[in-house]
1. Name the residues in segment 216-226 that are surrounded by 12 or more Cβ atoms within 10 Å (Cβ to Cβ) and part of a helix (DSSP H, G or I), would you?
2. Starting from segment 165-190, take each residue that is touching a residue at least 60 places away in the same chain (Cβ under 8 Å) and not assigned by TED's automatic domain parsing to the domain that holds residue 247 and list its partners that are of a type in the set (Phe, Trp, Tyr) and open to solvent by less than 10 Å² (accessible area, probe 1.4 Å), counting only C-beta distances under 7 angstrom and pairs at least six apart or across chains.
3. Would you tally the residues in segment 162-197 being in contact with a helix residue (DSSP H, G or I) (Cβ under 7 Å, 6 or more places away or on another chain) and not in a loop (DSSP other than H, G, I, E, B)?
4. Residue 83: farther than 14 Å from residue 148 by Cβ and open to solvent by less than 80 Å² (accessible area, probe 1.4 Å), yes or no?
5. Any idea which residue in segment 44-59 is farthest from the chain's Cα centre (by Cα), counting only those that are touching a residue at least 24 places away in the same chain (Cβ under 8 Å) and crowded, with 20+ Cβ neighbours inside 10 Å?
6. Enumerate the pairs (first residue in segment 68-80 and touching a residue at least 24 places away in the same chain (Cβ under 8 Å) and assigned by TED's automatic domain parsing to the domain that holds residue 97; second residue anywhere and open to solvent by 10 Å² or more (accessible area, probe 1.4 Å) and aliphatic (A, V, I, L, M)) with beta-carbon separation below 6 Å, excluding pairs fewer than 6 apart on the same chain, so at least 6 apart or on different chains.
7. Yes or no: segment 143-157 includes at least one residue that is among the hydrophobic types (A, V, I, L, M, F, W, C) and more than 27 Å from residue 239 (Cβ to Cβ).
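The values are calculated or read from the model by the stated rules, or taken from the named source; none is laboratory data. Treat the numbers as computed from the prediction; the structure is a model and nothing was measured. Don't worry about glycine lacking a Cβ; one is built from the backbone with ideal geometry, like all the others, and counts go over all protein chains shown. For accessibility, only protein heavy atoms count, side chains too; no ligands or nucleic acids. Shrake-Rupley method; radii C 1.70, N 1.55, O 1.52, S 1.80 Å.
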Amino acid sequence: MTMEIDEAPQKVGIAARIVTPGTAITNDPAFMRGHGTFSEHDTIYSSVAGVVERINKLVSVRPLKQRYSGEIGDIIVGRITEVASKRWRVDVNSRQDGVLLLSSINLPGGIQRRKSESDELQMRTFFAEGDLVFAEVQSYFADGALSLHTRSIQYGKLRNGTLVTAFPQLVPRSRSHFHTLPCGVDVVLGVNGYIWVSKHVSASKVEANAELIYSDKNEPISDDEREVIARVANCIQLLNRLYVKITDTSIIFAYEASLAHSVKDLLTNDVAVELAHNVMARLEQQA
């Protein structure tokens, strides 16, 4: 099976646009081809469906759908899949699991000391299989696996909420990935596409009680709080389904527009399209 190539001998401008496999991007010899492209007859073509990106003279195509590829400093949400020797393996929605070393976590109370053999024996009291964790990418291992850390009061085990999965491409990197929305819900926007929506718990309360950092027990959650959490989670799902950038602003716009509908109706096709168009229009006005 051969790929159909778009024959375009004329000069093609470099612009951020969506292309399909075989689309001519440019035949200007000054440009170099990057990921997601191939060269034939002195013309650069896309090899995947995605968005054309240009960095100086390097032209690449970022696929519309792909696994998360981590960078140092990324804020991610992951799920513990295995407790191993002095480390946890974490599902980070990537090609391979990330690694959280015992030496890369905070001990209860923020005690700073070398981790001992007794700490290793108590590893499951910190994180057990199935736990969700809020962490930062610290470095890479030789095999390409991500090394994570939770050495901050804002990182750690996630409770009191629900997990929503989105395309990683829709969650942009920003200065802050932890947001408290006006509706009283906390949202952690993992760059890897895992998004945590939970009841708001003040940081001062966690700091005052060090045991809460690794607690497995949820706070009491009222029916009204559950409904708000479910509404925000459904808003994120509809933004993801219709390929709208997921930021704290777009979530707030979607939440406000959704108040005219019941929570269970938000994911029906007509309502989802209506809300997504509303969000995109407000984002354009804001820009």
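1. Across segment 216-226, the qualifying residues are 225, 226.
2. Every condition considered, the pairs that remain are 168/68; 188/134.
3. Looking only at segment 162-197, we keep the residues that are in contact with a helix residue (DSSP H, G or I) (Cβ under 7 Å, 6 or more places away or on another chain), and these are 162, 164, 166-167, 170, 179, 181-185, 187, 191-193, 195, 197.
Filter once more, so that each one left must be not in a loop (DSSP other than H, G, I, E, B): 162, 164, 170, 179, 185, 187, 195, 197.
Within segment 162-197, residues that are in contact with a helix residue (DSSP H, G or I) (Cβ under 7 Å, 6 or more places away or on another chain) and not in a loop (DSSP other than H, G, I, E, B) number 8.
4. yes
5. Looking at residues that are touching a residue at least 24 places away in the same chain (Cβ under 8 Å) and crowded, with 20+ Cβ neighbours inside 10 Å, I get 45.
6. Filtered contacts from segment 68-80: 79/132.
7. Step one: list which residues in segment 143-157 are among the hydrophobic types (A, V, I, L, M, F, W, C), which gives 145-146, 148, 153.
Checking the rest, the ones that are also more than 27 Å from residue 239 (Cβ to Cβ) come to 145, 153.
Yes, because at least one residue in segment 143-157 is among the hydrophobic types (A, V, I, L, M, F, W, C) and more than 27 Å from residue 239 (Cβ to Cβ).
Matching residues to (1) of a type in the set (D, E, K, R); (2) touching a Pro at 6+ places or on another chain (Cβ under 6 Å); (3) more than 22 Å from residue 177 (Cα to Cα); (4) not assigned by TED's automatic domain parsing to the domain that holds residue 158:
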site: 228; (1), (2), (3), (4): no, no, no, yes
site: 233; (1), (2), (3), (4): no, no, no, yes
site: 241; (1), (2), (3), (4): yes, no, no, yes
site: 248; (1), (2), (3), (4): yes, no, no, yes
site: 253; (1), (2), (3), (4): no, no, no, yes
site: 273; (1), (2), (3), (4): no, no, yes, yes
site: 276; (1), (2), (3), (4): no, no, no, yes
